[in-house]
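As C-alpha cells, the structure follows; a few thoughts come after it.
The values are calculated or read from the model by the stated rules, or taken from the named source; none is laboratory data. Predicted model, so just to flag it, every value in this text is computed and none were measured. Every residue, glycine as well, gets a Cβ built from its backbone with ideal geometry; the counts of neighbours run over all protein chains shown.
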Amino acid sequence: MTEGLEFLISGMIFGLAAGISPGPVLALVFSETVKYGRKEGVKIAICPLITELPIVLFVLLILSNLVKHGFVIGAISLFGACYLIHLGFENLRVKISGFEVEFAKEDALKRGVIANFLNPHPYLFWLSIGGPMIFESLDIHISATVLFISGFYSLLIGLNIGIALIVEKSKFFIESKYHLYVVRALGIALVLFAVIFVRDGLKLMGIF
C-alpha cells in the first residue's frame, strides 16, 4: 500500500511539473482563455487525454520488448535522468515572457490536439520516465500503475483547467513572480528525481 502511494505521489509531482511548466499546451490555454474565454481554454486543457493515449500505448509496446533486458532499461533510465535535468534547468531559466504566445482563432480543440501530437515532450516523458515507471509499478500491483497514471493526469489536466479559470478573471498569477517561483521550485524537484533515476538506471545495468 505504501509503495502504491509512492507511485501516486510521483505521478502527482510529474503532473504538477508538466501542468505548470511553460510549453505549447500551457501557452495555448493561456492565450485562448485571455482572448476567447475559459471555454476555449478548457478545450485546450483536456487535449492530453485525447492525444496521449496512443502515445502511451506506442511507447509501452516498444518498451515491452525490452523490459527483460535490464541493461537497456537501465540505459533508458539514465536517458530519462538527463531529460529530467534538462527540464529542471529549463524551469530554472524560465522567464514570464515565455508565456506570451499569439494564435489565430480557429477550432481550439483541434489546434490543441495538433500542438500536443507535435510536442516532443510527451514522447520523451513516456519513453524515458513514464514508461519505465509503469513497468516498475506493474511489478508491485496494477493498482500502483493506476495510482501513478491517475495522479499524473489529475494534476496535469486539473492544473490546466484551473489556470484557464484563473486567467479568465485575472492574468496576475500567471504573470507574477509567484508563478515563477513555483516553476523554479518544480525545476529543483525534477533535478532531484533525476538523481533517483540515475541510481535506478545504474542498478539495472549492474554498475551500482
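Assorted remarks:
- Meets criteria (closer than 19 Å to L127 by Cα and either at pLDDT below 85 or surrounded by 19 or more Cβ atoms within 10 Å (Cβ to Cβ) (or both)) for G201: yes
- Test: residue in region 115-134 that is at pLDDT below 85 and not in a helix (DSSP H, G or I): yes
- First in region 124-140 and without any contact (Cβ under 8 Å) to a residue 60 or more places away in the chain and over 13 Å from L53 (Cα atoms), second anywhere and of a type in the set (S, T, Y) and part of a helix (DSSP H, G or I), Cβ under 8 Å, 6 or more apart: L124/Y83; S128/S77; S128/Y83; L138/T145
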